[in-house]
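The structure appears right after this line, and notes come after that.
The values are calculated or read from the model by the stated rules, or taken from the named source; none is laboratory data. In this text, all values refer to a predicted model and were calculated from it rather than measured experimentally. Here Cβ is always computed from backbone atoms with ideal geometry, including for glycine, and neighbour counts include all displayed protein chains. With ligands, DNA and RNA removed, areas are computed over all heavy atoms of the protein, side chains included. Shrake-Rupley method; radii C 1.70, N 1.55, O 1.52, S 1.80 Å.
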Amino acid sequence: MTLKSKFDTGEFAVLAEMEPPKGADVSAFLANAKRVRGQVDAFVVPEMSNAVMRISSLGGSMMLQNEGLETVLQVCCRDRNRLALQGDLLAANALGIENVMAVGGEDPSFGDHHQARAVNDIDLIELLQAIRSLQQGRDMAGIELAGSPRFLVGSTADVGAKGKSPELELSEMTKRAEAGARFFITPPVFDTALLAPYLKRIDRHKTILIPTVLLLKSLGMARYIERNMPNVAIPGALIERLQRAPDKV
């Protein structure tokens, strides 16, 4: 059953993020994905997350698709202009990729190529509108396409971001949904109460909210996330539990 079919029927779906390698050796990347074949409905392939140079989402997605594994392609405003974004989307769909996730992308200053310049030719809403236009048979210049792509479209939702009210994020989610996003993936969630305002307000038959689960490998990791990642909230009580645990791993 495809990811879209699960969303259409309201069944529980599991996604797994698979970071492509920083290099040409993809053996571990493919082996790890194959280990959970049948347990994961689709693999989200990030587009150089945290602005760290890696194999592209399109390349990583195609490798997994060739192994019979469904993928979610990330398309990122940071790295490509409108020509390249549309070209990648058409190529992806022609090659069998049916799920896309539009993201803004972290600033290059966070990554490993500090001299890189962000493109940001279009913003997230414009990217979603461009995907919808392609599906309607025209590019961003209004020129008719020879065949239209078909995508299940998603984006991000900053559930739990520090200093950001649920009302503001719900307003932004509504704009993204109106531009064509059907599912939203959150940052890592460590307090399920943060989801409550969203689940009360969204139409859960039309909008799918997918919380991210992240395993904390150490107390230091938890503290680093709490201090340095403004879009992720870790309750103090959870950090205290880790601190008191005799076996922190």
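Summary of computed values
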{"quantity": "Where GluC sites (Glu not before Pro) in DSSP loops with at most 15 other Cβ within 10 Å are excluded, longest remaining stretch of the chain", "calculated": "68-249"}
{"quantity": "Amide hydrogen neighbours beyond the local backbone of Thr186, cut-off 5 Å, H modeled", "calculated": "Ala157, Ile210, Thr212"}
{"quantity": "Whole-number accessible area per residue in Å² for the chain, which is evaluated in the context of all protein chains at 1.4 Å", "calculated": "54"}
{"quantity": "Members of Lys34/Lys248; Lys6/Lys206; Lys4/Lys175; Lys217/Lys248 lying beyond 18 Å, as alpha-carbon distances in this model show", "calculated": "Lys34/Lys248; Lys4/Lys175"}
{"quantity": "Rounded to 5, the percent of DSSP beta bridges in the chain classed as antiparallel", "calculated": "5"}
{"quantity": "Solvent-accessible area, 1.4 Å probe, carbon plus sulfur percent, for region 1-133", "calculated": "51"}
{"quantity": "Cβ-based net charge around Leu219, under 15 Å, with every Lys or Arg adding one and every Asp or Glu removing one", "calculated": "+3"}
{"quantity": "Global geometry of region 85-201, whether rounded, prolate or oblate, following the gyration tensor of its Cα atoms and the 1.5 cut on a/c", "calculated": "oblate"}
{"quantity": "10 Å Cβ shell holding at most 13 others, DSSP loop, trypsin sites (Lys or Arg not before Pro): longest site-free stretch of the chain", "calculated": "23-116"}
{"quantity": "Helix 124-135 axis, angle to the chain major axis (alpha carbon atoms, nearest 10°)", "calculated": "40"}
{"quantity": "Interchain or long-range residues, amide H under 5 Å from Met101's placed H", "calculated": "Leu73, Gln74, Val75, Gly154"}
{"quantity": "Relative contact order, percent, region 151-192 [alpha-carbon distance under 8 Å, six or more residues apart]", "calculated": "60"}
{"quantity": "Percent of Cα pairs exceeding the 27 Å cut-off, where the set is the chain", "calculated": "39"}
{"quantity": "Kirkwood hydrodynamic radius of region 15-145, Cα pairs, Å", "calculated": "15.3"}
{"quantity": "Nearest-ten-degree value, helix 219-228 long axis tilted from longest Cα axis of the chain", "calculated": "60"}
{"quantity": "Volume per residue of the C-alpha convex hull in region 133-198, rounded to whole Å³", "calculated": "99"}
